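A short write-up of the structure that comes next.
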Amino acid sequence: MMSQSSKLLRKLTGSLKPFSEETQAVAAVALLLRDVEEELKLLVVKRVENPKDPWSGQMALPGGRRETKDRNLKETAIRETFEETGINLLDDTCFFGVLEPVKSAVRPDMKILPFIFLLDYDPEINLSPSELERYIWLTPKQLTENKGSTRFNFGTFPAYVIEDNVIWGLTYMILTRFLELLE
């Protein structure tokens, strides 16, 4: 009998796009998955408060803007993940593919390409203190069971609210697309 996580991973394999540079995206994020006791978990990080960062203090996925030294956006996702979390995506990792690029409402000129990786191990996470303050591993079930909204002085937005972790905006959009693939 196939485990729940194996079924979800098989669905993903058939649903994701292969990586292509034709997306016009300028940034990349990594959606990192682990199979923990036959349950799929994904990594979400919390950005530090920084007045220069439009996503300051938000729950996010590891990633960032492409630099000139990056040969492509996949390299950006790998580099940024290592810089922010200490996780090396070149070791014991399976690359699954990409989701559709997401456009930032805060910066409409910025398109972000989400890359999906499966880690074959439980990584030691060393957060970059200048960029991230904490992380959490969540299951798709936790996200779907905690779908709601969050209110700010500038409006109310759909969100996943899990204890004091409020996932909204770009990360919410990416995770929602990801969950749709698993259905």
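Put in line by how crowded their Cβ is, counting other Cβ atoms within 10 Å and starting with the fewest, Lys74, Lys103 read Lys103, Lys74. Extension gain, Glu145 to Glu124, is 4.8 nm, computed as 0.36 nm per intervening residue step minus the present C-alpha separation. Straight-line cross-link reach from Lys69 at under 18 Å between alpha-carbon atoms covers these aspartates and glutamates, not counting any fewer than eight positions away in the same chain: Glu21, Glu80, Glu83, Glu84. As a quick test, which of the pairs Lys74/Lys103; Lys52/Lys147; Lys46/Lys111 have an alpha carbon distance above 22 angstrom in this structure? Result: Lys52/Lys147 exceed 22 Å.
Between Ala30, Ala105, Ala77, the residue with the greatest mean-square fluctuation in the GNM of the chain (Cα pairs under 10 Å linked by springs) is Ala105.
So I have [x] 15.3, 47; [y] 15.6, 51; [z] 21.3, 80, and one of them is Rg and Dmax of the Cα atoms in Å calculated from this model. Which one is it? Here the calculated entry is [y]. Computed about its Cα centre, the charge dipole of the chain is approximately 680 debye, with only Lys, Arg, Asp and Glu carrying charge at their Cβ. Exposure proxy shown here: for Val102, Val48, the number of other Cβ atoms within 10 Å sets the order, fewest to most, as Val48, Val102.
Any read-out appearing in this document is the output of simple, stated calculations on the displayed coordinates, not a laboratory observation. Source: prediction; values computed, not measured. Heads up, the Cβs are rebuilt from the backbone with ideal geometry, glycines too, and the neighbour counts pull from every protein chain shown.
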